[in-house]
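Heads up, the thing below is written out as structure tokens.
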Amino acid sequence: MARFTSSLTPAHRDFIAAQKIYFIASAPAAGRVNLSPKGIDTFRVLSPTRVGYLDVTGSGNETAAHLLENGRLTVMMCSFDAAPLIFRIYGRGCSVQPADTDWLQLRPLFGPTLPGERQLIIVEIESIQTSCGFGVPFFTYTGERETLLDYAVKKGPEGMAAYRAEKNTRSIDGLPTGLAVK
């Protein structure tokens, strides 16, 4: 049975801290729905009604474009071991970039510097839904892939800036992402 709450509880925080993967879903008013898996230890609980993650450069920047257009975002996590659970955060979000004034205050909350850092995605929680997860299979976590971070190191800061300028300033539907490129 699905249950809704409006803020994170200590049990929710414990569940979030144990997750190795999470999924981000966003959509423009018209166009493709984006659903992205995320790894790397970048997700943080900022308060009972606010969460965020450090976003590293990827092949697209759909989430930022959708947030710029309408702000809607869903985060989903699910248990692949122990007690079954599907956990969703529905909210409104924004992109905070290194040139933004909030960056200096928020960035230290997300751990050490990572190669290819692009932006923070900050979500103001509107509601939280939990459901059984009885149909989610068991999986065993074996480790993080280093490929994305290694790629960013290999390209270097100038190469990553050029990559973002080419691949991350517009969504696949042509929407602007708001990404400031140098």
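The values are calculated or read from the model by the stated rules, or taken from the named source; none is laboratory data. What you are looking at is a predicted structure, and each value in this text was computed from that prediction instead of being measured. When we count neighbours, we look across all protein chains shown, and the Cβ atoms used for this are built from the backbone with ideal geometry, even at glycine.
Taking the options Arg145, Arg118, name whichever one is in contact with a strand residue (DSSP E or B) (Cβ under 7 Å, 6 or more places away or on another chain) and either part of a helix (DSSP H, G or I) or over 15 Å from Val51 (Cβ atoms) (or both).
Working: Arg145 fails: in contact with a strand residue (DSSP E or B) (Cβ under 7 Å, 6 or more places away or on another chain).
Residue meeting the stated conditions: Arg118.
Could you tell me whether region 155-165 includes any residue that is assigned to a strand (DSSP E or B) and without any contact (Cβ under 8 Å) to a residue 60 or more places away in the chain? Walk me through how you get there before you give the answer.
To start, the set of residues in region 155-165 that are assigned to a strand (DSSP E or B) comprises none.
Looking through region 155-165, none of the residues is assigned to a strand (DSSP E or B) and without any contact (Cβ under 8 Å) to a residue 60 or more places away in the chain.
So that you can scan it fast, the table gives a plain yes or no per residue for (1) within 15 Å of the chain's Cα centre (by Cα); (2) of a type in the set (Lys, Arg); (3) in a loop (DSSP other than H, G, I, E, B):
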{"site": "Ala83", "(1), (2), (3)": "no, no, yes"}
{"site": "Ser95", "(1), (2), (3)": "yes, no, no"}
{"site": "Leu104", "(1), (2), (3)": "no, no, no"}
{"site": "Val136", "(1), (2), (3)": "no, no, yes"}
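For region 45-75, which positions are in contact with a strand residue (DSSP E or B) (Cβ under 7 Å, 6 or more places away or on another chain), closer than 23 Å to Thr147 by Cβ and surrounded by fewer than 21 Cβ atoms within 10 Å (Cβ to Cβ)?
The one that is in contact with a strand residue (DSSP E or B) (Cβ under 7 Å, 6 or more places away or on another chain), closer than 23 Å to Thr147 by Cβ and surrounded by fewer than 21 Cβ atoms within 10 Å (Cβ to Cβ): Val56.
Could you figure out which of (1) farther than 23 Å from Ile172 by Cα; (2) buried (at least 16 other Cβ atoms within 10 Å of the Cβ); (3) modelled with pLDDT under 95 isn't true of Ala2?
(2)
If a residue has to be touching a helix residue (DSSP H, G or I) at 6+ places or on another chain (Cβ under 7 Å), buried (at least 18 other Cβ atoms within 10 Å of the Cβ) and part of a loop (DSSP other than H, G, I, E, B) to count, how many in region 8-44 make the cut?
Residues in region 8-44 being touching a helix residue (DSSP H, G or I) at 6+ places or on another chain (Cβ under 7 Å), buried (at least 18 other Cβ atoms within 10 Å of the Cβ) and part of a loop (DSSP other than H, G, I, E, B): 3 in total.
Matching residues to (1) surrounded by 19 or more Cβ atoms within 10 Å (Cβ to Cβ); (2) polar (S, T, N, Q); (3) more than 17 Å from Ser59 (Cα to Cα):
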{"residue": "Gly135", "(1), (2), (3)": "no, no, yes"}
{"residue": "Asp150", "(1), (2), (3)": "no, no, no"}
{"residue": "Glu158", "(1), (2), (3)": "no, no, no"}
{"residue": "Thr169", "(1), (2), (3)": "no, yes, no"}
{"residue": "Leu179", "(1), (2), (3)": "yes, no, no"}
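Pairs only if they're at least six apart or on different chains, beta carbon under 6 angstrom, first in region 103-117 and closer than 21 Å to Val153 by Cβ, second assigned to a helix (DSSP H, G or I) and among the β-branched types (Val, Ile, Thr); list them, first residue then second.
The qualifying pairs are Pro115/Val153.
Keeping to region 50-78, report how many residues are modelled with pLDDT of 95 or more, among the polar types (S, T, N, Q) and either part of a loop (DSSP other than H, G, I, E, B) or farther than 30 Å from Phe134 by Cα (or both).
Final tally of qualifying residues: 3.
How about region 74-107: which of its residues are more than 18 Å from Ala180 (Cβ to Cβ), touching a Gly at 6+ places or on another chain (Cβ under 8 Å) and among the small types (Gly, Ala, Ser)?
Matches in region 74-107: Ser79 only.
Can Val123 be described as part of a strand (DSSP E or B) and under 20 Å from Gly39 (Cα atoms)? Write out each step before concluding.
Working: part of a strand (DSSP E or B): yes; under 20 Å from Gly39 (Cα atoms): yes.
Yes; evaluated as a whole, the condition is true for this residue.
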